[in-house]
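The values are calculated or read from the model by the stated rules, or taken from the named source; none is laboratory data. Keep in mind that this is a model prediction, so the values were computed, not measured. Positions of Cβ are backbone-derived with ideal geometry, glycine not excepted, and every protein chain shown enters the neighbour counts. Note: accessible area is taken over every heavy atom of the protein model, side chains too, but ligands, DNA and RNA are not part of it. Shrake-Rupley method; radii C 1.70, N 1.55, O 1.52, S 1.80 Å.
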Amino acid sequence: MSIITPYSTEDEAAKTEKPGMWVQEAIFGHRFIEEQKPFMLVLEVLSVCASVHRQGNKLFDHGVVNATHTEELSVSIEVRDALRYLLFEDTTLERLKSDETMTDDQRLASWVSELNKGFRSRTKRSEAFSYLNDRFEGRFEALVQAVEILRGLQIEPLASRRWTSRFLAPRGSKLLFADIAIKMSSDRRFFGRGGELLYLMLSRSEHSDRLEPLVRGAFLSDTDRIDVLIEQISPPDNKFTKDAPVGYLPLAHHKSYDRLAEDWISLLELPGLPTPQKFEPLFRLTSLNLVRYFMERSAEVIGQGADRDVAIEPIVLDVTGNGVLRDRSISALKRTKEVVDDAVSTFVRTTMEQEPKWEQAKLHHDPKMQSELAIEAIEKTFSTGILSKNSGSTSSPEKWLSLFVSDVRSRSRNNTPKLIEPLGKGGGFIASKSGSGTWFCGSDEFLEALVLARVKKDAITIDAFLSDLYERYGIIIGPVEAGKAFLKRTFDTTSFEENARELERRLTGLGFVKRLSDDCAFVSNPYSKILES
């Protein structure tokens, strides 16, 4: 037996990884990276959708073709290098705007010349922006206005990323920018493959048919006025990267896929929330679902090794900053990371127990041969090179296995426990403070996303809302849910009661909670119906 490594030879990015990487990827998928923020994950999902749409195919409709559950799906992305340079890299516009010695015709001609010169120095392409002269015919101010409107849609404009790794908030297919290397090929610096795996999760969910028209209508339509605007300043030629297969997702189906799709549907179906405003709650709930997927898969792997069901760690969500609750939340986050590490160890050991050569190594009477067979068994099973440098040493199979587990768990990049913190921070449900630590803590934007996704047309009591969050995501805010999760373990009821009261206060301030005369608080979603102007 050997672990499937579908990208071990042809994926250029995989060649730079530390050997042994395929342990965590075999559990969770290939590949999630720390640098890919939650909004980038959703942008990558939409980039895959745009590629499928451009090919004339239905979104989220790809048959499983073999035992690895790999769909027949290849993706190419539009490079859009000239447009990226115009929006994100050019620095000459402000100077020309303030130059009152030139006419509009002269300023437009000068700007096009400057753009061509700067772009040529980076890409060796000449006259890339000459089309602007014909499009705008001296209307310099009209071009400036269009560019400034689009620059205002940039996500994280102050981030120190290169110009080929900057993005616009999606409002149509023409505003979808993927991550591109300077040599204008698909890059993995910020788009590891996490969005591709999320696309596969949505495809393998039970709700893919229902989700398809919603995504197409929200993000692939060309009717948005901003999409029309970007068409006006875009070059006439389109270049695309080479077709490449999407990432590897181990399981054909999982309950987390359905939950993710349900949250996407809930948000995209909101009639009173304009499409541009759906993107933020979408990436926040996507990051929560991804962290929950890591937690659930880890519990399943550990359970398989122990031959029993293993409880999934809860998310103790602090909304107060209370010291007692914060400490418990810090412990909950720490335990979440530890469980993922435990899953890695369990997976390695249970996998090796199924390898015949491993049994041979343990039973061999010659210590030297025992050591060599153990290394061979581990390296064959996991397609790794970690132990080969130590092949001249002699140790017991258990020591070699422990060394391998330690190396896999301690790898510096793309290590799943290390993904949880940046995902949570980007999603708004993990906070850190110098001197206090890092813990599960809900921002206003995250709490709003929960309401938008989970509260339908009818208002619900705040108690019902808290119960729903616990049953669906394992989120603990109030004392009732804490009692369910901790059972006989002692906990401070007062801190959870205060936490629930603070949640109500914050949701009231956000306009989502009203307390009626009978002293019952209700959570409502004002965007669940069309808002009157």
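Counting only residues that are within 22 Å of Gly509 (Cβ to Cβ) and either part of a loop (DSSP other than H, G, I, E, B) or at pLDDT below 95 (or both), the stretch 434-455 holds 3 of them. Residue check: is Thr494 part of a helix (DSSP H, G or I), of a type in the set (Ser, Thr, Tyr), out of contact with any Cys (no Cβ under 7 Å at 6 or more places or on another chain) and surrounded by 15 or more Cβ atoms within 10 Å (Cβ to Cβ)? Taking the combined requirement at face value, the residue does not satisfy it.
Against the numbered list (1) under 30 Å from Ala482 (Cβ atoms); (2) aliphatic (A, V, I, L, M); (3) open to solvent by less than 10 Å² (accessible area, probe 1.4 Å), Ala377 comes up short only at (1). So which residues in the stretch 81-120 are within 30 Å of Lys242 (Cβ to Cβ) and out of contact with any strand residue (DSSP E or B) (no Cβ under 8 Å at 6 or more places or on another chain)? Within the stretch 81-120, Ala82, Leu83, Tyr85, Leu86, Glu89, Asp90, Leu115, Asn116, Lys117, Gly118, Phe119, Arg120 meet the criteria.
Report the residue count in the stretch 331-356 for those that are assigned to a helix (DSSP H, G or I), more than 16 Å from Pro314 (Cα to Cα) and open to solvent by 60 Å² or more (accessible area, probe 1.4 Å).
Matching residues across the stretch 331-356 total 3.
Apart from one condition, Gly305 fits all of (1) part of a loop (DSSP other than H, G, I, E, B); (2) in contact with a Lys or Arg (Cβ under 8 Å, 6 or more places away or on another chain); (3) open to solvent by 20 Å² or more (accessible area, probe 1.4 Å); the exception is (1).
Name the residue that is least open to solvent (accessible area, probe 1.4 Å), counting only residues in the stretch 221-252 that are over 23 Å from the mean Cα position of the chain (by Cα) and of a type in the set (Asp, Glu). If we take residues in the stretch 221-252 being over 23 Å from the mean Cα position of the chain (by Cα) and of a type in the set (Asp, Glu), then Asp227 is least open to solvent (accessible area, probe 1.4 Å). Evaluated against (1) under 30 Å from Asn116 (Cα atoms); (2) in contact with a Cys (Cβ under 9 Å, 6 or more places away or on another chain), Tyr199 falls short on exactly one condition, (1).
Checking each residue in the stretch 472-495 for being touching a Pro at 6+ places or on another chain (Cβ under 8 Å) and at pLDDT below 95 picks out Ala485, Thr493. When the stretch 357-373 is filtered for residues that are of a type in the set (S, T, N, Q) and open to solvent by less than 30 Å² (accessible area, probe 1.4 Å), only Ser371 remains. Only a single item in (1) modelled with pLDDT under 90; (2) over 18 Å from Thr351 (Cβ atoms); (3) assigned to a helix (DSSP H, G or I) is not met by Glu376, and it is number (2). Against the test of being open to solvent by less than 20 Å² (accessible area, probe 1.4 Å), in contact with a Pro (Cβ under 8 Å, 6 or more places away or on another chain) and modelled with pLDDT under 95, the options His69, His30 yield a single qualifying residue, His30.
Taking the residues in the stretch 394-433 that are among the hydroxyl-bearing types (Ser, Thr, Tyr) and assigned to a helix (DSSP H, G or I) as candidates, determine which candidate is least open to solvent (accessible area, probe 1.4 Å).
Looking at residues that are among the hydroxyl-bearing types (Ser, Thr, Tyr) and assigned to a helix (DSSP H, G or I), I get Thr416.
With respect to (1) open to solvent by 40 Å² or more (accessible area, probe 1.4 Å); (2) modelled with pLDDT under 90, the lone exception for Phe522 is condition (2). Applying the criterion of at least 3 residues that are among the acidic types (Asp, Glu) to the helices (runs of 4 or more DSSP H) found wholly in the stretch 67-160 leaves 104-123. Figure legend. Inter-residue proximity from the stretch 302-324: first residues at positive phi, second residues modelled with pLDDT under 90 and surrounded by fewer than 21 Cβ atoms within 10 Å (Cβ to Cβ), beta-carbon distance below 9 Å, spacing 6+ or different chains. Indicated pairs: Gly321/Ser436. For Ser208, the stated conditions hold: it is more than 13 Å from the chain's Cα centre (by Cα), closer than 16 Å to Val52 by Cα and of a type in the set (Ser, Thr, Tyr).
Considering the stretch 174-220, and only residues there that are among the hydroxyl-bearing types (Ser, Thr, Tyr), open to solvent by less than 30 Å² (accessible area, probe 1.4 Å) and out of contact with any His (no Cβ under 6 Å at 6 or more places or on another chain), the residue that is farthest from Ser47 (Cα to Cα) turns out to be Ser205.
On the basis of being of a type in the set (Lys, Arg) and free of Cβ contacts under 8 Å to residues at least 60 places away in the same chain, does Lys337 make the cut? No, not satisfied. Looking across the stretch 434-443, the residues that are under 19 Å from Val291 (Cα atoms) and either open to solvent by 50 Å² or more (accessible area, probe 1.4 Å) or not small (Gly, Ala, Ser) (or both) come down to Thr438, Trp439, Phe440, Cys441.
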